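Working notes for the structure below.
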Amino acid sequence: MSHPNSFGARRTLTVGDKAYTYFSIAEAEKAGLDGVSRLPFSMKVLLENLLRFEDGRTVKKADVEACNGWLANRGKDEVEIAYRPARVLMQDFTGVPAVVDLAAMRDAMVALGGDPEKINPLIPVDLVIDHSVIVDEFGTPRAFARNVELEYERNAERYKFLKWGQSGFKNFSVVPPGTGICHQVNLEFLSQAVWTRKEADGSETAYPDTLVGTDSHTTMVNGMAVLGWGVGGIEAEAAMLGQPVSMLIPEVIGFKLTGRLREGMTATDLVLTVTQMLRKKGVVGKFVEFFGPGLADLSVADRATIGNMAPEYGATCGFFPIDEKTIGYMRTSGRSEERLALVEAYAKAQGMWRDADTPDPVFTDTLELNLDTVVPSMAGPKRPQDRVELDHVKREFAVAMDKEFKKAAEASKRYKVEGANFDLGHGDVVIAAITSCTNTSNPSVMIGAGLLARNAVAKGLTVKPWVKTSLAPGSQVVEEYFNKAGLQVFLDKLGFNLVGFGCTTCIGNSGPLPEAISKAINDNDIVAGAVISGNRNFEGRVNPDVKANYLASPPLVVAYALAGSLQIDLATEPLGTGSDGQPVYLKDIWPSTQEIADFVDRTITSELFTSRYSDVFTGDEHWKAVPVTASQTYAWPAGSTYIQNPPYFEGMKKEPAPLTDIVNARVLGLFLDSITTDHISPAGNIRAASPAGEYLLSHQVRVADFNQYGTRRGSHEVMMRGTFANIRIKNQMVRDEAGNVVEGGYTIHQPSGERMFIYDAAERYKAEGVPLVILAGKEYGTGSSRDWAAKGTNLLGVRAVVTESFERIHRSNLVGMGVMPLVFEGSDGWASLGLKGDETITIRGIAEALTPRKKMIMEVTSADGSVKEVPLLCRIDTLDELEYFKNGGILPYVLRQLAA
């Protein structure tokens, strides 16, 4: 801990009989930071961080003063600061490669002659294993037990490795499988709103609870006034190793909420409305902070639902300040009374407490929503921001059948399903999943789904036989309150049996559809539907057989399972026929807001939380049975296709090699707008007829044991082969004889003109000594903070990615892996410039005088020899990022620092 003195902010806060050191914003305001009490609450968290870490080196007096300057420039001055979060949160998909990297750094430290013990997290790190459970078994009482068995069978090597990490690294805790989703465990248990730390002199320091997480939905905890956002595994590893997070002081968009939700409206309806509004506003790279009288009627669970979807509206975070609701939620979820007293006293002392009399902070810009105007909503068929009002879903699906899927003429056709007593048609819902952190942490929508199921069973309704149903709660607390409320029995009757505690369908772990249904869909090119209570519905994500994916509240998931089709208007048409022979409509079974509230009040108690979280790191019998040998460095298993020592540090010297220009590069991929990290990063199923599949087959892995890309993130050999291999990605260079773009991970090798897999072409270019670039459109890298989207790009030999714009996390990750992000200046793009992908590309100005945000020129030489000069802007934004880039990435940089 440094000892700041520029603003005399160090003070003592006494709470009960305990004294805490804290860094007072009020004292700093008196000492020259005039007006900072009017900053947004989220900005006060950043200001406190700078006051606490001011040391004249990483944090200078001018950096602290820049927070004061924010009041005049509102975040538009692009001031770089070094920010240090209190802790790091990881899930296993992103956590395994992070721990692999740490283990590899220990080996590299030995090779450089340094001390491997220096490679240890310096701040608390929690890794929650939640991304590996797949919905194989469903609709039966044994689904949960069977899916857990399969999870351990498939992931034995990964879990053995993580258990080694749990014993091998200090400050590193693992929450075993079957506990819950990392964001819900974070909200319900790990987060404290105000964090404390014991200092070397025995004193205790109090400061805001902050974190970065290796999952973009880390923002969920913003609903509990904890400032956190998603970063790539690469950045998280640097934070763990004591490096500050380099960031620009953000613009803060104030979102004013007024009024209150009407009868029957859900938090999901609200968040889909907020997401659409903020996407339209344009908040990428900005903080969003919620304020206004409407907050008084939003529970912390509702706020967390809104915070959760910050990546979907593009913001860095979606922050809510501390108030009475925060304290009430912390009490209900089992935090200690001592902690509650500290949170309230600290927030009030720091001007971080909000009540009805709190004046509105100063914001960069604002927008407003009257909660009274929110209507029942879904989002789809392939983007979270594409909100559709419930009574327009049928009509909008018809539009999508015409415009999106080009099948309007076939919309009413039905197709035979082999061996079944039903047929299948376009828009039939084949997956209905109550899944994902977004909604499963919110008791009101979960209880709502249970009550709707109870009412449907009472009417004699059943789920359509082609629907794959699943219930994957975000924590064991949900299972407990469903049973306590007597509602699980009704969900079971409709096939919504517990399938696991984890992310499941929302991240593509939906498991295979029944064979006959899958065959009917693929034989007839049926546009099948999924309705999930998740946050992501990008193409190819939920299930490879499903093209139309909709986000909805848990009660609507149950309703669509009953209706069985997106071509039914739930507002006016019946869900089915009751046992009395009468039609049953959605309004007949929708529970009232009051009944839901009564059930929540009766069943959600602090005892539920304290009992379920009392022994959270121990795990079940499966976890206890995972063998582990304690050691300083990891004994990499020979021949493993799950855990491999990555090549990032091979041949590394104590000094980085000089930078070089990119000369006569070839274009590996030519992409349009909105290429997501799901398109770039390996995700979902591994096909046998793919480079990754061929690699596994060559290592005697049976197709049945391929598992999926997410579980193989610890194997660079599998992951680099799966980069840009998404079944729906469209490389504009690759066209069929009719001139249509071919879907899938293909490219054209130049100058041979041969079509091949992107990985195969990259290997050929590597052998030929040819550097590579990617050209793309707007919003490149949206979606999950997948570090492999950057790691894979690096390992394929891509030196630069040139786009019209980047999503925040992916741009940062590319720099962190030593890949240069560049954007076209002005209104240029590769399409307007007439580029085809067969050109050679030269980018100079890297080897000498490279600076953050440097203006550069790209020389484009066409096949006919003509040359275009295209102005670009280098999106290495800060001096810290420039250091990372010069070292070949953030990890080599940190390793050299520690070795020195």
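What the table shows:
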{"read-out": "In region 322-341, residue farthest from G294 (Cα to Cα) [restricted to those that are in a helix (DSSP H, G or I) and of a type in the set (A, V, I, L, M)]", "value": "A341"}
{"read-out": "Close pairs from region 244-260: first part of a strand (DSSP E or B), partner of a type in the set (K, R), Cβ under 8 Å, at least 6 apart", "value": "V245/R84; V252/R74; V252/K286; I253/K281; I253/K286"}
{"read-out": "One residue from R279, R331, R339 being surrounded by fewer than 24 Cβ atoms within 10 Å (Cβ to Cβ) and within 19 Å of G230 (Cα to Cα)", "value": "R279"}
{"read-out": "Top-ranked residue of region 178-197 - restricted to ones that are touching a helix residue (DSSP H, G or I) at 6+ places or on another chain (Cβ under 7 Å) and hydrophobic (A, V, I, L, M, F, W, C), ranked as farthest from R87 (Cα to Cα)", "value": "I181"}
{"read-out": "Within region 705-824, strands (runs of 3 or more DSSP E) holding 1 or more residues that are aromatic (F, W, Y) and in the same structural domain as D864 (by TED's automatic domain parsing)", "value": "746-749, 754-757, 820-824"}
{"read-out": "Hey, V527 part of a loop (DSSP other than H, G, I, E, B) and modelled with pLDDT of 95 or more or not", "value": "yes"}
{"read-out": "Single residue of region 56-67 satisfying the filter (at pLDDT 90 or above and farther than 16 Å from S42 by Cβ) that is surrounded by the fewest Cβ atoms within 10 Å (Cβ to Cβ)", "value": "A62"}
{"read-out": "Any hit, region 675-692, residues being surrounded by fewer than 18 Cβ atoms within 10 Å (Cβ to Cβ) and over 29 Å from E312 (Cα atoms)", "value": "yes"}
{"read-out": "Selection within region 342-357 - surrounded by fewer than 21 Cβ atoms within 10 Å (Cβ to Cβ) and either more than 19 Å from G318 (Cα to Cα) or among the small types (G, A, S) (or both)", "value": "E344, A345, K348, A349, G351, A356, D357"}
{"read-out": "All positions within region 575-599 that are farther than 23 Å from Y481 by Cβ and buried (at least 18 other Cβ atoms within 10 Å of the Cβ)", "value": "L575, G576, V584, L586"}
{"read-out": "Checking I841 against (1) modelled with pLDDT under 95; (2) in contact with an Asp or Glu (Cβ under 9 Å, 6 or more places away or on another chain), the condition it does not meet", "value": "(1)"}
{"read-out": "Evaluation of W70 against (1) surrounded by fewer than 24 Cβ atoms within 10 Å (Cβ to Cβ); (2) not in a strand (DSSP E or B) (one fails), failing number", "value": "(1)"}
{"read-out": "Qualifying positions in region 295-321 - part of a helix (DSSP H, G or I), touching a Lys or Arg at 6+ places or on another chain (Cβ under 6 Å) and either modelled with pLDDT under 95 or closer than 15 Å to H217 by Cβ (or both)", "value": "D297, Y313"}
{"read-out": "Out of V125, V110, V133, V100, sole residue that is touching an Asp or Glu at 6+ places or on another chain (Cβ under 9 Å), outside the structural domain of T438 (by TED's automatic domain parsing) and among the β-branched types (V, I, T)", "value": "V133"}
{"read-out": "Candidate set: region 697-718, residues that are surrounded by fewer than 24 Cβ atoms within 10 Å (Cβ to Cβ) and touching a residue at least 60 places away in the same chain (Cβ under 8 Å); chosen: the one farthest from R541 (Cα to Cα)", "value": "H699"}
{"read-out": "Qualifying position, being aromatic (F, W, Y) and more than 30 Å from M265 (Cβ to Cβ), among F649, F599", "value": "F649"}
{"read-out": "Filter pass, L775 being at pLDDT 95 or above and crowded, with 24+ Cβ neighbours inside 10 Å", "value": "yes"}
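Each row is one residue, and each column tells you yes or no for (1) free of Cβ contacts under 8 Å to residues at least 40 places away in the same chain; (2) in a strand (DSSP E or B); (3) closer than 23 Å to V231 by Cβ.
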site	(1), (2), (3)
E157	no, no, no
K160	no, no, no
W164	no, no, no
G178	no, no, no
Q184	no, no, yes
D201	yes, no, no
T205	no, yes, no
T218	no, no, yes
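The values are calculated or read from the model by the stated rules, or taken from the named source; none is laboratory data. A quick note: this is a predicted structure, and the numbers were derived from the prediction, not measured. Cβ atoms come from the backbone with ideal geometry, glycine included; neighbour counts cover every protein chain shown.
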